[in-house]
Amino acid sequence: MRAFVTGATGFIGSAVVQELIKAGHQVLGLARSEKAAKELVAAGAEVHRGSLEDLESLRNGAAAADGVIHTAFIHDFSNYGPAAEADRRAIEILGGALAGSDRPLIVTSGTLLAQRQGSLATEEDAPNPNFPRKSEEAAVALAARGVRASLVRLPPSVHGTGDHGFVPRLITIARDKGVSAYIEDGLNCWPAVHRLDASRLYRLALEKGGAGERYHGVADEGVPARDIAEVIGRQLDVPVVSKSREEAADHFGWIAPFFGMDGPASSAQTQQELGWRPVQPGLIADLNAEHYFEPIVSHVLSHS
Ligand SMILES: NC(=O)c1ccc[n+]([C@@H]2O[C@H](COP(=O)([O-])OP(=O)(O)OC[C@H]3O[C@@H](n4cnc5c(N)ncnc54)[C@H](OP(=O)(O)O)[C@@H]3O)[C@@H](O)[C@H]2O)c1
């Protein structure tokens, strides 16, 4: 299959590109810079120049492919509304280009967006309507129009070499403040997945995903925040402390509401439907590996 991948140069998208090529697919990767284009060529992908802002480029990329995986996102948490709107518009355009065919579109969302009904968030849980990111609603609207659009919900920690998400931010804060903190009793849990396991899920969803389905890329169902803080404290040799919710806002800054969330999640249904099995190290094992505590290197395509 020839897959159009947005975010193909990102932490997760670059692993998806590798996974697709390894499985015998061709990749047409979206690149918004010369640097990104070079990375894609080096990875063995074809280059499609464009951006999330250039809707015609998205339409043309999708039209030239047998399926689309959308992982690009503008990660500007200080300007989240416009980033979420750019994502919604992109999904609408990508899906529109696939309408009237059986060509799949895989959209990215997060397990923390699920409105959890039981002890674990499941694929059955609808998205929280109060969250500004509307990836799920956009995909569901496409599915209602007959587009084979499905969703991959990722946990708040997708980890592995090149991670530049929430966990590295927690490490930086601990380094800067000289303490590794958790909030209150630290028993709130984050699910997690390794980027290589996540990339395999995207491939399976592309190959077999059904319209309107939600897939959970969850390996660790729930890692207590306190356990994360303890590994960071041990690795940096700094004390591990509890912060009240009020202190947390000042200590953690913008990441405080995320690190304080309790969002355990399951992937049982996804594993059953797609035959996906996570096989990579869990979050705590990965955090015990040296690479998290070396100076951050850029997230190039050569990560393994
Ligand atoms: N990483 C996690 O732990 C995590 C957890 C939950 C959900 N997610 C979601 O998973 C998806 C992938 O995340 P990631 O960690 O791989 O992100 P990332 O490393 O920040 O990569 C973002 C990708 O989007 C591209 N991009 C950003 N702005 C763009 C624009 N205006 N036009 C075109 N492309 C643009 C980037 O291109 P350049 O290379 O040119 O910058 C890059 O390829 C996102 O939807 C993210 O919200 C991630």
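The values are calculated or read from the model by the stated rules, or taken from the named source; none is laboratory data. Values in this document were obtained by computation on a predicted structure and should not be read as measured data. All Cβ positions, glycine included, derive from the backbone under ideal geometry; neighbour counts span all protein chains shown. The accessibility values were calculated without ligands, DNA or RNA, using every heavy atom of the protein model including side chains. Shrake-Rupley method; radii C 1.70, N 1.55, O 1.52, S 1.80 Å.
Hey, can you tell me all the residues within region 1-18 that are within 14 Å of the ligand (Cβ to nearest atom) and either over 13 Å from the mean Cα position of the chain (by Cα) or buried (at least 24 other Cβ atoms within 10 Å of the Cβ) (or both)? Before you say what the answer is, go through the steps one by one.
Here is the first cut: in region 1-18, the residues within 14 Å of the ligand (Cβ to nearest atom) are 4-18.
Answer for region 1-18, where residues must be within 14 Å of the ligand (Cβ to nearest atom) and either over 13 Å from the mean Cα position of the chain (by Cα) or buried (at least 24 other Cβ atoms within 10 Å of the Cβ) (or both): 4, 5, 6, 8, 9, 12, 13, 14, 15, 16, 17, 18.
Filter region 95-120 down to residues that are within 12 Å of the ligand (Cβ to nearest atom) and assigned to a helix (DSSP H, G or I) and give me whichever is nearest to residue 138 (Cα to Cα).
This residue is 113.
Name every residue in region 138-167 that is away from the ligand (no atom under 15 Å from the Cβ) and either more than 18 Å from residue 98 (Cα to Cα) or open to solvent by 10 Å² or more (accessible area, probe 1.4 Å) (or both), in order of residue number.
Correct list: 140, 141, 143, 144, 145, 146, 148.
Quick one: residue 21 ticks every box in (1) crowded, with 24+ Cβ neighbours inside 10 Å; (2) in a helix (DSSP H, G or I); (3) among the β-branched types (Val, Ile, Thr) except a single one, so which number is it?
(1)
Out of the residues in region 101-133 meeting the condition of being over 27 Å from residue 207 (Cβ atoms) and more than 19 Å from the chain's Cα centre (by Cα), tell me which one is least open to solvent (accessible area, probe 1.4 Å). Reasoning before the result, please.
Step one: list which residues in region 101-133 are over 27 Å from residue 207 (Cβ atoms), which gives 115-119, 128-132.
So of that shortlist, the ones also more than 19 Å from the chain's Cα centre (by Cα) come out as 117-119, 129-130.
On the way: 117: 144, 118: 41, 119: 93, 129: 79, 130: 134 Å².
It comes out as 118.
Given the conditions (1) within 13 Å of the ligand (Cβ to nearest atom); (2) open to solvent by 60 Å² or more (accessible area, probe 1.4 Å), report the number of the one that residue 47 does not fulfil.
Status for residue 47: all satisfied but (2).
For residues in region 56-94 being within 11 Å of the ligand (Cβ to nearest atom) and in a loop (DSSP other than H, G, I, E, B), which is surrounded by the most Cβ atoms within 10 Å (Cβ to Cβ)?
In this case the residue turns out to be 71.
Considering only region 56-70, how many residues are in contact (Cβ under 8 Å) with a residue 24 or more places away in the chain and more than 25 Å from residue 210 (Cα to Cα)?
1
What number of residues within region 35-44 are more than 10 Å from the ligand (Cβ to nearest atom), open to solvent by 60 Å² or more (accessible area, probe 1.4 Å) and not aliphatic (A, V, I, L, M)?
So the answer is 1.
Could you list, in sequence order, all residues of region 241-268 that are under 11 Å from residue 186 (Cα atoms) and crowded, with 18+ Cβ neighbours inside 10 Å?
Those that are under 11 Å from residue 186 (Cα atoms) and crowded, with 18+ Cβ neighbours inside 10 Å: 243, 259, 260.
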